[in-house]
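Handing you this structure, nothing more for now.
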Amino acid sequence: MTERELRDVIVIGAGFAGIAALHYAKQADLDVVLLEAGSGVGGTWYWNTYPDVRTDTEAWYYSYSFAPEVTRKWRWRQRFPSGSEVRGFLEYISEELNLTSSMRFNSRVVELRWDDSTSTWTIQLSDGTSVRSKFVITAVGGLSAPNVPKIPGIENFKGSLVVSSRWAADPPRLEGKRVGVIGTGSTGVQLITALAPVVDQLYVLQRTPNFVLPRNNYTITDEHWAGIVSTYDDIWSRVRRHYFGYPLTLTGRSATEASPEEREDLFELMWQKGGFSIFLEAFDDLAVSQESNQFAADFIRRKIRSAVADPATADLLAPSNHPFGGKRPVIGSGYYETFNRENVHLIDLRRAPIEVDTGGRIHAGGEVIDLDVLILATGFDAGTGAISAIDVFGTEGHALRDAWKDGTRTHYGTSTAGFPNLLYVYGPQTPYANQPPCVERSAEWAVDLITFTRANNWSSVEGSAAGEDTWSAALLDAATATIFTETADEVRPWFMSNNVEGKRAEVGVYFGGYDRYFDILDEIRDADFDGMVFR
Ligand code: NA7
């Protein structure tokens, strides 16, 4: 590409969000190019190729609803598909919708600079080339910039140090090795369960235990698949009306109103069903009622104690300092039973954090361990991390990092004042929900805004400070209506941003629901994008 080129739109990122944005931009006849740092499509599913990486959401709505003649032809094989199955789906969609030819791989964007005089962005790539564009859509992922904690003495470690979310770049050899995993979130739990039978010794370095729910995965039979396909319309209309973007309806029940036997039976049924069922389908008030939540948390703690043979290990694995959902719950397959294996050792980092001595030995939880491989499954700089990794300079050269230094500000999660024609898809402050249904609608909305701006001969559009104020207040209201903010200082969930050392706690996601969020965005669009600033 050359700087002389002037595109209508540049999309950054070829994950679910970027592919959707590219699709909608092409549908709108915009001259669009997608830039992707990796050498293929997938985003999260491109980079996270660690053993047994897979979704926590059922395949047929961890998907797109647009272009049904294409998206519905993809035959999902597993209820909770592996990362490679999801990547296969995204490759298929990109090919079938003729999107791949508009993608440039191995193209890492390092700087975005707005020119007030021409109302264009210059997009600088790491290889020194650049391109200009009237609009930029960032689709860089809400959970993509790795959180790599500083471990004292880590430079002395002589084995392989691996970041789980960069597995694709440097996959380690693990068979017969002494392996340590730091982190027991969704990634750590998947890795730990998959690695235990493969490695010689596995050390699980746990700081905060989480609630791990059974996945109960299965292969989708032809008969089941035919049933899914024949009810696709209904599935997606329910997805659109649900706060978490799942094809469910509210139960109308509170856990406090059920008898102890009814509660136990229902929790058991949902536990057997697997996935997030126990959180979303048993009762409606686990996120807002301490009492109801406690019933579910106690049920899960009993499950942990019945699965783990050693009571002291079970105690360490049972969460005690946050409600069920106070950290994003994890879905696993035989996770707790893994700790009954002789080669799996649970290290409690709350006793003593990790450090590495000058001889390269790991000191953690009061023990000294020799490791060949240390895996950091330590999560992400959520929400703002991936955008902030790019140097973004808006009106009059102001840096986005400076605009956010006292707290992240977005106009309903779509854009930021002072950064014209820069739109986020799956940016910070968007719904805490099933992501593919979210990002496809955000992408459609962003392209509608671009089309509207051009059709009305405006040269730029941006969020307003007033819109940002309203949205900040709405984010706080929605978060504090749940019981999850109360323990956030102590357990630092990624949705409160303070999982990253040194980052202040702030509400990183919208807890008001996927359905409500898109009602709001639709209202804004229907009112000719009222509240946004056009020039
Ligand atoms: P998470 O859920 O943020 O988990 C990260 C894990 O790493 C968590 O157990 C952390 O413990 C642990 N961690 C982070 N830093 C440290 C340090 N310095 N020392 C010890 N332990 C540490 O990330 P995931 O990748 O598992 O999942 C992210 C999301 O992706 C998931 O929620 C799904 O939405 C998909 P902590 O809890 O902070 O004590």
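Report, by residue number, each residue of segment 351-378 that is in contact (Cβ under 8 Å) with a residue 12 or more places away in the chain and loosely packed, with under 13 Cβ neighbours inside 10 Å.
Passing the criteria: ARG351, THR358, GLY359, GLY366.
Answer yes or no as to whether ARG504 is at pLDDT 95 or above and either away from the ligand (no atom under 12 Å from the Cβ) or outside any loop (DSSP other than H, G, I, E, B) (or both).
No, not satisfied.
Just give me the residues in segment 190-225 being among the hydroxyl-bearing types (Ser, Thr, Tyr) and within 16 Å of the ligand (Cβ to nearest atom), in sequence order.
If the condition is that a residue be among the hydroxyl-bearing types (Ser, Thr, Tyr) and within 16 Å of the ligand (Cβ to nearest atom), then THR193, TYR203, THR208 are the ones that fit.
Now a separate question. Within segment 257-288, count every residue that is β-branched (Val, Ile, Thr) and under 24 Å from THR55 (Cα atoms).
So the answer is 1.
Okay, next question. What tally of residues in segment 345-375 results from selecting those that are charged (D, E, K, R) and either in a strand (DSSP E or B) or under 17 Å from THR184 (Cβ atoms) (or both)?
Summing the residues that are charged (D, E, K, R) and either in a strand (DSSP E or B) or under 17 Å from THR184 (Cβ atoms) (or both) in segment 345-375 gives 5.
Also: Out of the residues in segment 162-189 meeting the condition of being buried (at least 23 other Cβ atoms within 10 Å of the Cβ) and of a type outside the set (S, T, N, Q), tell me which one is nearest to the ligand (Cβ to nearest atom).
Top of the filtered list is GLY183.
Among the residues of segment 507-529, which ones are assigned to a loop (DSSP other than H, G, I, E, B) and either over 12 Å from LEU449 (Cβ atoms) or in contact with a strand residue (DSSP E or B) (Cβ under 8 Å, 6 or more places away or on another chain) (or both)? Please lay out each step first, then the result.
Here is the first cut: in segment 507-529, the ones assigned to a loop (DSSP other than H, G, I, E, B) are 507-509, 511-513, 527-529.
Passing the criteria: VAL507, GLY508, VAL509, PHE511, GLY512, GLY513, ALA527, PHE529.
If I ask for residues that are touching a Lys or Arg at 6+ places or on another chain (Cβ under 9 Å) and part of a loop (DSSP other than H, G, I, E, B), which ones from segment 238-255 would you list? I'd like the intermediate steps shown before the answer.
Here is the first cut: in segment 238-255, the residues touching a Lys or Arg at 6+ places or on another chain (Cβ under 9 Å) are 240, 243, 246-249, 255.
Residues satisfying the conditions are TYR243, TYR246, PRO247, LEU248, THR249, ALA255.
I've got another one for you. Does ARG77 count as within 30 Å of VAL181 (Cα to Cα), among the charged types (D, E, K, R) and surrounded by fewer than 20 Cβ atoms within 10 Å (Cβ to Cβ)?
Answer is yes for this residue.
Now a separate question. How many residues are farther than 30 Å from PRO149 by Cβ, among the hydrophobic types (A, V, I, L, M, F, W, C) and either more than 26 Å from the chain's Cα centre (by Cα) or within 16 Å of the ligand (Cβ to nearest atom) (or both) if we restrict to segment 226-251? Step through it out loud before you land on a result.
Here is the first cut: in segment 226-251, the ones farther than 30 Å from PRO149 by Cβ are 226-243, 245-251.
Okay, now just the ones that are also among the hydrophobic types (A, V, I, L, M, F, W, C), so 226, 228-229, 235-236, 239, 248, 250.
Within this subset, residues satisfying the condition of being either more than 26 Å from the chain's Cα centre (by Cα) or within 16 Å of the ligand (Cβ to nearest atom) (or both) are 226, 229.
Residues meeting the conditions: 2.
Filter segment 97-154 for residues that are in contact with a helix residue (DSSP H, G or I) (Cβ under 7 Å, 6 or more places away or on another chain) and assigned to a helix (DSSP H, G or I); which is nearest to HIS363 (Cα to Cα)?
Once the filter is applied, the top-ranked residue is THR100.
Now a separate question. Kindly provide the set of residues from segment 5-46 that are assigned to a loop (DSSP other than H, G, I, E, B) and without any contact (Cβ under 8 Å) to a residue 60 or more places away in the chain, ordered by number.
Across segment 5-46, the qualifying residues are ASP29, ASP31, GLY42.
To continue, here is another question. Going residue by residue through segment 381-398, is there one that turns out to be more than 16 Å from the ligand (Cβ to nearest atom), under 16 Å from VAL162 (Cα atoms) and either part of a strand (DSSP E or B) or of a type in the set (Asp, Glu) (or both)?
no
Let me ask something else. Mind checking whether some residue in segment 89-96 is part of a helix (DSSP H, G or I), within 30 Å of ILE375 (Cβ to Cβ), more than 16 Å from the ligand (Cβ to nearest atom) and of a type in the set (A, V, I, L, M, F, W, C)?
Checked against the condition, which is being part of a helix (DSSP H, G or I), within 30 Å of ILE375 (Cβ to Cβ), more than 16 Å from the ligand (Cβ to nearest atom) and of a type in the set (A, V, I, L, M, F, W, C), segment 89-96 yields at least one hit.
Every residue in segment 349-387 that is closer than 19 Å to THR208 by Cβ and either modelled with pLDDT under 95 or among the acidic types (Asp, Glu) (or both), please.
Matches in segment 349-387: GLU355, GLU367, ASP381.
Can you name every residue in segment 244-255 that is exposed (fewer than 12 other Cβ atoms within 10 Å of the Cβ) and not β-branched (Val, Ile, Thr)?
If the condition is that a residue be exposed (fewer than 12 other Cβ atoms within 10 Å of the Cβ) and not β-branched (Val, Ile, Thr), then GLY252 is the only one that fits.
Of the numbered conditions (1) under 26 Å from PRO493 (Cα atoms); (2) more than 15 Å from the ligand (Cβ to nearest atom), ASP372 satisfies every one except a single condition; which is it?
(1)
Select the helices (runs of 4 or more DSSP H) contained entirely in segment 286-343, then report the ones holding at least 3 residues which are farther than 30 Å from ASP200 by Cα.
Counting at least 3 such residues, we get 290-307.
Another question, then. Could you list all residues from segment 120-161 that are within 13 Å of the ligand (Cβ to nearest atom), in contact with a strand residue (DSSP E or B) (Cβ under 7 Å, 6 or more places away or on another chain) and closer than 23 Å to GLY43 by Cα?
Scanning segment 120-161 gives LEU143, SER144, ALA145, PRO146, ASN147, VAL148.
Within segment 238-287, which residues are under 23 Å from ILE520 (Cβ atoms) and of a type in the set (Phe, Trp, Tyr)? Show your work before the answer.
So in segment 238-287, the residues under 23 Å from ILE520 (Cβ atoms) come out as 238-250, 280, 284, 287.
Once the filter is applied, which keeps residues that are under 23 Å from ILE520 (Cβ atoms) and of a type in the set (Phe, Trp, Tyr), segment 238-287 yields TYR243, PHE244, TYR246.
If you don't mind, there's one more thing I want to ask. Within segment 263-275, identify whether any single residue is in a loop (DSSP other than H, G, I, E, B), farther than 15 Å from ASN210 by Cβ and in contact with a Phe, Trp or Tyr (Cβ under 8 Å, 6 or more places away or on another chain), and answer yes or no.
Yes, that holds for at least one residue.
Of the conditions (1) of a type in the set (A, V, I, L, M); (2) surrounded by fewer than 13 Cβ atoms within 10 Å (Cβ to Cβ); (3) in a loop (DSSP other than H, G, I, E, B), ALA258 satisfies every one except a single condition; which number is it?
For ALA258, the exception is condition (2).
Let me spell it out: the conditions are (1) more than 20 Å from VAL199 (Cα to Cα); (2) more than 15 Å from the ligand (Cβ to nearest atom), and GLU337 meets all of them except one. Which number is the exception?
GLU337 satisfies every listed condition except (1).
Ok, one more. Being within 30 Å of TRP60 (Cα to Cα), of a type outside the set (Gly, Ala, Ser) and either over 24 Å from the mean Cα position of the chain (by Cα) or surrounded by 18 or more Cβ atoms within 10 Å (Cβ to Cβ) (or both) narrows it down to one residue among LYS303, LYS273; which is it?
Values: LYS273 fails: either over 24 Å from the mean Cα position of the chain (by Cα) or surrounded by 18 or more Cβ atoms within 10 Å (Cβ to Cβ) (or both).
None of the other options fit; the residue is LYS303.
Restricting attention to segment 69-88, report how many residues are assigned to a loop (DSSP other than H, G, I, E, B) and within 25 Å of the chain's Cα centre (by Cα). Steps first, answer last, please.
If we filter segment 69-88 for residues that are assigned to a loop (DSSP other than H, G, I, E, B), which is where we start, we get 72-77, 79-81.
Restricting the remaining residues to those that are within 25 Å of the chain's Cα centre (by Cα) gives 72, 74-77, 79-81.
Number satisfying all stated conditions: 8.
The values are calculated or read from the model by the stated rules, or taken from the named source; none is laboratory data. Everything numeric in this text was worked out from a predicted model, so none of it was measured. Counting neighbours? That spans all protein chains shown, and the Cβs are built from the backbone with ideal geometry, glycine included.
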